[in-house]
1. Given axes a ≥ b ≥ c from the Cα gyration tensor, I'd like to know whether the chain is rounded (a/c under 1.5), prolate (a/b larger than b/c) or oblate.
2. For region 285-360, with the dipole built from +1 on Lys and Arg beta-carbon atoms and -1 on Asp and Glu ones, taken about the Cα centre, which of Cys286, Pro319, Gly337 lies farthest toward the positive end?
3. What are the ³J(HN,Hα) couplings of region 9-23, residue after residue, when phi is run through the Karplus curve with 6.51, -1.76, 1.60 and θ = phi - 60°? Round to Hz, x for glycine and proline.
4. Quick one: Karplus J couplings for region 149-158, per residue in order, coefficients 6.51, -1.76, 1.60, θ = phi - 60°, nearest Hz, x for Gly and Pro?
5. To the nearest 10 Å², what's Ile373's accessible area with a 1.4 Å probe?
6. Can you tell me the length gained on complete extension of the stretch Asp240 to Arg342, counting 0.36 nm per residue apart and subtracting the Cα distance?
7. Using a probe radius of 1.4 Å on heavy atoms only, what accessible surface per residue do you get for region 14-116? Whole Å² is fine.
8. For region 133-176, what class follows from the C-alpha gyration tensor (a ≥ b ≥ c being the square roots of its eigenvalues): rounded when a/c is under 1.5, otherwise prolate if a/b is larger than b/c, else oblate?
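The values are calculated or read from the model by the stated rules, or taken from the named source; none is laboratory data. Remember, predicted model here, so these are calculated numbers, not experimental data. Cβ placement follows ideal geometry from the backbone for every residue including glycine, while neighbour counts extend to all protein chains displayed. Ligands, DNA and RNA are stripped out before the accessible areas are found, and what is left, the full protein with its side chains, is counted by its heavy atoms. Shrake-Rupley method; radii C 1.70, N 1.55, O 1.52, S 1.80 Å.
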Amino acid sequence: MSHGRLVGYSLKKRANDPCYYVYFRSPDGRRTERDTQQTAALRAHSAAHSIIDAGHAPAATPSAAVTWDEAEARLRDKAAANGLRGPTVDYYVKLLRRARAFHTVTAGPADVSPGMAEAWKKAFSSTPTRRKKLPSPHTVFSLVRGFSSLWQAWLVDELAVCVGNPWADVTPPMTDRIEVRVIDDETFTHLLGWLDARFSGWVLPRVFLEVKAVTGCRLMDLCGLGADQLRDGRLHFRADQTKGRRARSVPLPPDLAARLAALKGPRFLWEAYPSGLREAVKRMGCPTHRIKPDFAPRRLYQWVETLFLEYGAAHPDRPKVHSHQLRKRAFTAAWEGGIDPRRAAIAIGCNPDTVMRHYVKLDEQQVTDDVMIKLADRLGAKPAKPPGPAGG
């Protein structure tokens, strides 16, 4: 029973998706699908009840004529009050501004209709990007899901500035599974050697990437560490610094811990980065006037990202690599070492389902061969049993 109405529903799993989806009829009779984000059936039923209750709740009366600017201001205030972090708030604000830039004839988000939402998908999918290529289906899929989440969770449920979600019936494009790519050992060694040569032996870039490789942490988690978070040969990540909002303490190899301790600054772990970069660039004979002397974690983050771009430009014959592949490398090494993915998820900091879907590079053919060879005797035809004695 939902708001006095009997609602039938079913739970199903999609192929290659561990989560249950709930299917039911909306108040106006439309067939509705929602992701429960639960992998256990019992919790999925509870989540389904909440989703159905939300879908059948009496329509809220939106505030009159809420403009795009007012909606953005309310979104920022409410998201901050709910404890969302800056990058998450920025993500939703960017989505809101993207929708506003396309729907220029509207005064606010409540004016966007389902037809306008569908028109955005068609227009965006068929318009080349700055690289003269059409957006990938994965990009379109991500944006459609993002718009739907923004409207339903925030503009309808939280802020009540819209009476409905115009993106609910916009079907995202079908997408192929993305192959997980990692930095292999030879490439990682070559990358570190290139850094040593490029920066004339400046050790901070090498140490930074070695620490990231050993810990498997996210790039921003590492950039913002304080000097006091290196203690007793361990890196201590606070809960407010990690995406999963969970504290971690990661042991480092003794040699790496000693090299890291030798270069840490008085306040931040990587505080020596601006002065070291200035000296390295000066030795290259390049101008240094644009290098800011103060340390900022975000600038370090952006600089590390550019290192991988420069490495790719300098070695066009090698596979393209990026910093997040070091995280995938850690999870893949755990899998290849026979470590339970659930234990690896706890140690490195991730959701166990996400580990296998996005972070482990599998040789699926080898896995198929191993499994089927082990099952061959059990699955094959069995010899017929000889008949029993006559009259038995």
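1. Values: a/c = 1.97, a/b = 1.16, b/c = 1.70.
In terms of gyration-tensor shape, oblate.
2. Value: Cys286.
3. 8, 9, 10, 9, 10, 7, 5, 6, 10, x, 8, 7, 10, 9, 10
4. Result, rounded to whole Hz: 5, 4, 5, 5, 6, 10, 6, 9, 6, 7.
5. So the heavy atoms of Ile373 present about 130 Å² to solvent.
6. Extra length available between Asp240 and Arg342 comes to 34.5 nm.
7. Accessible area per residue, region 14-116: 59 Å².
8. In terms of gyration-tensor shape, prolate.
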